[in-house]
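Each value in this text was obtained by applying a stated rule to the coordinates, not by laboratory testing. Quantities reported herein were computed from a predicted structural model and do not represent experimental measurements. Cβ sites come from the backbone with ideal geometry, for glycine too, and all protein chains shown count toward neighbours.
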Amino acid sequence: MQIRHSLILLLTATIWGVAFVAQSVGMEYVGPFTFLCARSVIGGCILLPVIAALRRSSTPPHEAPAQARHSRKMLLRGGVCCGVMLCLSSASQQIGLLYTTVGKAGFLTACYILIVPLIGLLFGKKCGRLVWCGVALALVGLYLLCLTGGLRVNTGDLLMLLCAVLFSCHILLVDHFSPHVDGVKMSCIQFFVCAAAAAVGVVLFELPDAPLNRFGFAAPSWDALRAAWQPVLYAGALSSGVGYTLQIIGQRGINPAVASLIMSLESVISVIAGWLLLGQTLTARELCGCALMFIAILLAQLPDTGGNPQDSGQTGTPA
């Protein structure tokens with residue numbers, strides 16, 4: 001059973017790692033907000049039959065009318081909050097991919113595993129020594145990965161670091177709401193909220209007469225969406241819909257620390273996918289930076305010296 005769950009999580013990490021390629025290729029045809037809106041709609045629609053199947057296979061607990069209303073409000077509040085944060089984090093990632101490679105994007109996004117416990121300090125959650133060692137290694141890795149040609153960080157790297165911070169906030173929001181609501185239903189709501197928020201971005205940034213259209217984003221059109229149907233469908237159906245469902249199944253009955261270690265392979269797979277599918281390569285210096293960041297990610301998820309797992313919140317976010 002443990003091996004089965006581990007393989008499911010490895011498949012999830014593979015889906016999310018390859019999704020960076022789909023996101024990059026998709027923006028050859030459509031703008032980042034159009035891509036995000038389309039994939040989010042697909043992700044939400046994919047989860048609708050999953051919710052229906054789960055409802056048929058289980059007996060809902062009996063709730064008093066007042067408690068049921070409270071549960072619905074909590075579910076809606078969680079879906080809206082997580083959806084808005086998911087849009088912000090995904091948009092920064094999507095735009096960042098215009099300026100950096102798939103491999104870099106995967107590793108920089110994975111920094112959320114280090115950032116989450118650091119944000120937790122603000123709420124009284126202490127970090128173990130291994131987390132601090134991971135932070136130190138990650139800083140060295142980021143220097144090797146991003147600061148090339150002097151003290152210059154390109155726009156894409158900065159956007160990916162912003163994405164990691166925003167994804168960390170998203171993870172903490174999910175961690176706050178998930179104990180009180182149905183996780184699949186909340187995920188479905190957040191995808192549709194994310195799609196609506198991304199549609200606002202389309203109006204502001206990507207329409208030909210948009211008030212803020214000075215960034216050169218591609219204008220949305222049905223022809224462009226049809227041309228990008230493969231990467232959009234992959235990112236929406238597999239990365240968002242299937243990936244999230246597999247994560248829920250895979251994490252049942254497996255140690256959270258082990259699950260986190262498996263999920264962190266997403267960053268390695270993104271580098272391999274960028275190399276195999278797009279021909280993107282990294283220099284020896286950048287590969288060393290990736291190796292140090294991967295070690296840092298592993299350290300942040302290992303049990304501390306006292307034997308207690310690091311409290312880093314929920315891990316694993318669809319690319």
With DSSP loop assignment and no more than 13 other C-beta atoms within 10 Å, the trypsin sites (Lys or Arg not before Pro) in the stretch 100-208 are K126, R152
Report the charge-dipole magnitude of the stretch 1-118 in Debye, nearest 20, computed about the Cα centre from +1 at each Lys and Arg Cβ and -1 at each Asp and Glu Cβ.
420
How long are the semi-axes of the equivalent ellipsoid of the stretch 76-125, defined as square roots of 5 times the Cα gyration tensor eigenvalues? Whole Å, largest first.
23, 18, 7
Given charges at Cβ of Lys, Arg, Asp, Glu: the stretch 1-85 dipole, positive-most of G43, F33, L76:
L76
Compute the length gained on full extension between L158 and R285: take 0.36 nm times their separation in residues and subtract their Cα-Cα distance, giving the result in nm to one decimal.
43.9 nm
Under 16 Å from the Cα of K73, which lysines turn up, not counting those fewer than eight places away in the same chain?
K185
Taking the Cβ-Cβ separation of A219 and L122 as r and a Förster radius of 41 Å, what is the calculated FRET efficiency to the nearest 0.05?
0.50
With 10 Å bins from zero, work out the P(r) of the stretch 1-129 over every alpha carbon pair and list the percent per bin.
9, 25, 33, 26, 6, 0
Per-selection Rg to Rh, the stretch 79-232 - Cα, Kirkwood hydrodynamic radius
1.02
Where nothing but the Cβ of Lys and Arg (+1) and of Asp and Glu (-1) is charged, how large is the charge dipole of the stretch 79-191 around its Cα centre, in debye to the nearest 20?
240
Per residue of the stretch 118-125, what does 6.51 cos²θ - 1.76 cosθ + 1.60 with θ = phi - 60° give for ³J(HN,Hα)? Whole Hz please, x for Gly and Pro, Karplus curve as stated.
5, 5, x, 4, 5, 10, x, 9
What is the packing order of peptides 29-39, 70-80, 155-165, taking the mean over residues of other C-beta atoms within 10 Å and listing the highest first?
29-39, 155-165, 70-80
